[in-house]
Amino acid sequence: MTPTTRSLISPRELAEAIGVSESSIKRWADDGAVRAVRTSGGHRRIPIEDAVHFIRSSGQKVCRPEILGIDDAMPFTDALPAHGEEGDLLYRLLVEGSESGTRGFLVSLFLSGWTPAQIIDGPLSEAMVRVGELWKIDPSAIYVEHRATDISVQALSRIRSLIRIPLASARRAVGGAPSGDPYIIPSLGASLVLGSLGIRATNLGPETPVETLRHAIAELGPQIVWISAGVAAEPVKLRDEIVQLADEAAARECSVIVGGRMAQMLALPTRPNLYAGRSMAELEAFARGLVANGGHRVSDS
Ligand code: B12
């Protein structure tokens, strides 16, 4: 089995990946700092997601990412850009069309402790804003926008594959972008942010009518619904639909958070379970608050 296809590693492999002794890893596993399972022969094995969780939470540096099956991150082991220059590097990787470079770079940021919200609000947004200016200079460069979106989706999905799978009993969230909104990254990003908090997040993606969210609420019973509104052809209609959705969701102890470039334009009215956020950091804070308060959002007052 090659390192890229397996999901369990031995204490020795984790030790080599982060440059510590095997006995340290075994001790941390026995202390519970690293979650490990036992084989039928009694040997400790560490799921990759748990190895990644340990690396991020303990601030360990990965010196051999290929052992974790994250070969794309190898060029960035000792070569992360200076703080503040991440967006610039990402922009160059996206414009070049570098899939492995983008994946490796964003996964390296994640391994080094960046949260998905920090990655999306920071370098990814910064780079995409610049990508969005290219068509004004050269309309034929519109393909670069499409390609940059696909490459970003691949990188965010890779990060998601390194996050612990939430328990079946975990809180649930569901969301998407409304009808007429083609934007893939924001809603995918929201699901990644929520997934990184241990929430079972179901991303319905772009072009999701509010009516479809209503069905999903009934079927899945989420505590959180997110709506990423990047485009709103009929803002008043969308606002009314969202308010109605929030009112129905309230009866199910479910809160609705709306974000995206158009969110502020919707001028949402005040409801106890309806919230407008500007960033993934705000989504993260909102979800943390909700989880900490047993599913009910603490009022802003
Ligand atoms: C990629 C892209 C496209 C792709 C989309 C591919 C796809 N399927 O996803 C394509 C090529 C299809 C496209 C089409 C168009 N696009 Co376009 N596009 C972009 C681009 C470059 C990136 C968008 C993106 O994914 N951003 C990444 C995400 C993470 O960022 P975000 O949406 O800003 O989200 C942040 C916050 O809003 C918030 N957030 C988002 N969702 C949520 C949800 C919750 C719950 C919370 C709390 C927060 C939150 O957090 C995020 C991170 O901070 C932007 C540039 C830009 N400045 O945004 C232009 C941009 C949005 N597009 C623009 C335009 C004009 C168009 C087109 C009209 C023409 C064109 N340029 O091709 C069409 C119209 C499409 C339509 N049907 O309406 C303009 C919009 C200008 C305006 N004033 O509205 C922009 C700003 C580019 C520009 N500078 O001109 N586009």
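Under the condition of being more than 7 Å from the ligand (Cβ to nearest atom) and part of a loop (DSSP other than H, G, I, E, B), which residue from segment 264-282 is nearest to the chain's Cα centre (by Cα)? If you could, list the steps in order and put the result at the bottom.
If we filter segment 264-282 for residues that are more than 7 Å from the ligand (Cβ to nearest atom), which is where we start, we get 264-276, 281.
Of the ones still in play, those that are also part of a loop (DSSP other than H, G, I, E, B) are 267-270, 272-273.
Working: ALA267: 26, LEU268: 25, PRO269: 28, THR270: 28, PRO272: 26, ASN273: 23 Å.
Step by step, filter segment 264-282, then rank; the result is ASN273.
Can you find a residue that is over 20 Å from the mean Cα position of the chain (by Cα), in a helix (DSSP H, G or I) and surrounded by 16 or more Cβ atoms within 10 Å (Cβ to Cβ) anywhere in segment 116-131?
Looking only at segment 116-131, we keep the residues that are over 20 Å from the mean Cα position of the chain (by Cα), and these are 130-131.
Subsequent filtering for residues that are in a helix (DSSP H, G or I) retains 130-131.
Subsequent filtering for residues that are surrounded by 16 or more Cβ atoms within 10 Å (Cβ to Cβ) retains 130-131.
For segment 116-131, residues over 20 Å from the mean Cα position of the chain (by Cα), in a helix (DSSP H, G or I) and surrounded by 16 or more Cβ atoms within 10 Å (Cβ to Cβ): present.
So ILE159 passes all but one of these: (1) part of a helix (DSSP H, G or I); (2) touching a residue at least 40 places away in the same chain (Cβ under 8 Å); (3) aliphatic (A, V, I, L, M); (4) within 13 Å of the ligand (Cβ to nearest atom). Which condition number does it fail?
Exception for ILE159: condition (4).
For segment 135-152, which positions are near the ligand (Cβ under 8 Å from one of its atoms), modelled with pLDDT of 95 or more and of a type in the set (A, V, I, L, M, F, W, C)? Step through it out loud before you land on a result.
Just the residues of segment 135-152 that are near the ligand (Cβ under 8 Å from one of its atoms), to begin with: 135-136, 142, 145-146, 148-149, 152.
Within this subset, residues satisfying the condition of being modelled with pLDDT of 95 or more are 145-146, 148-149, 152.
Within segment 135-152, ALA148 is the sole residue that qualifies.
Quick one: ASP88 ticks every box in (1) in a loop (DSSP other than H, G, I, E, B); (2) more than 18 Å from the chain's Cα centre (by Cα) bar one, so which box is it?
(1)
Any residue at all in segment 220-230 that is more than 13 Å from the ligand (Cβ to nearest atom) and free of Cβ contacts under 8 Å to residues at least 24 places away in the same chain?
No, every residue in segment 220-230 fails to be more than 13 Å from the ligand (Cβ to nearest atom) and free of Cβ contacts under 8 Å to residues at least 24 places away in the same chain.
Just wondering, is there one or more residues in segment 162-172 that are polar (S, T, N, Q) and either in contact (Cβ under 8 Å) with a residue 24 or more places away in the chain or not in a loop (DSSP other than H, G, I, E, B) (or both)?
In the first step, residues of segment 162-172 are kept if they are polar (S, T, N, Q); the result is 169.
This time we only want the ones that are either in contact (Cβ under 8 Å) with a residue 24 or more places away in the chain or not in a loop (DSSP other than H, G, I, E, B) (or both), so: none.
No: zero hits.
Any chance segment 230-252 includes a residue that's crowded, with 21+ Cβ neighbours inside 10 Å, outside the structural domain of THR149 (by TED's automatic domain parsing), under 27 Å from ALA168 (Cα atoms) and among the acidic types (Asp, Glu)?
No, every residue in segment 230-252 fails to be crowded, with 21+ Cβ neighbours inside 10 Å, outside the structural domain of THR149 (by TED's automatic domain parsing), under 27 Å from ALA168 (Cα atoms) and among the acidic types (Asp, Glu).
The values are calculated or read from the model by the stated rules, or taken from the named source; none is laboratory data. Given the structure is predicted, the values throughout are model-derived calculations rather than measurements. Every residue, glycine among them, receives a Cβ derived from its backbone with ideal geometry; neighbour counts consider all protein chains shown.
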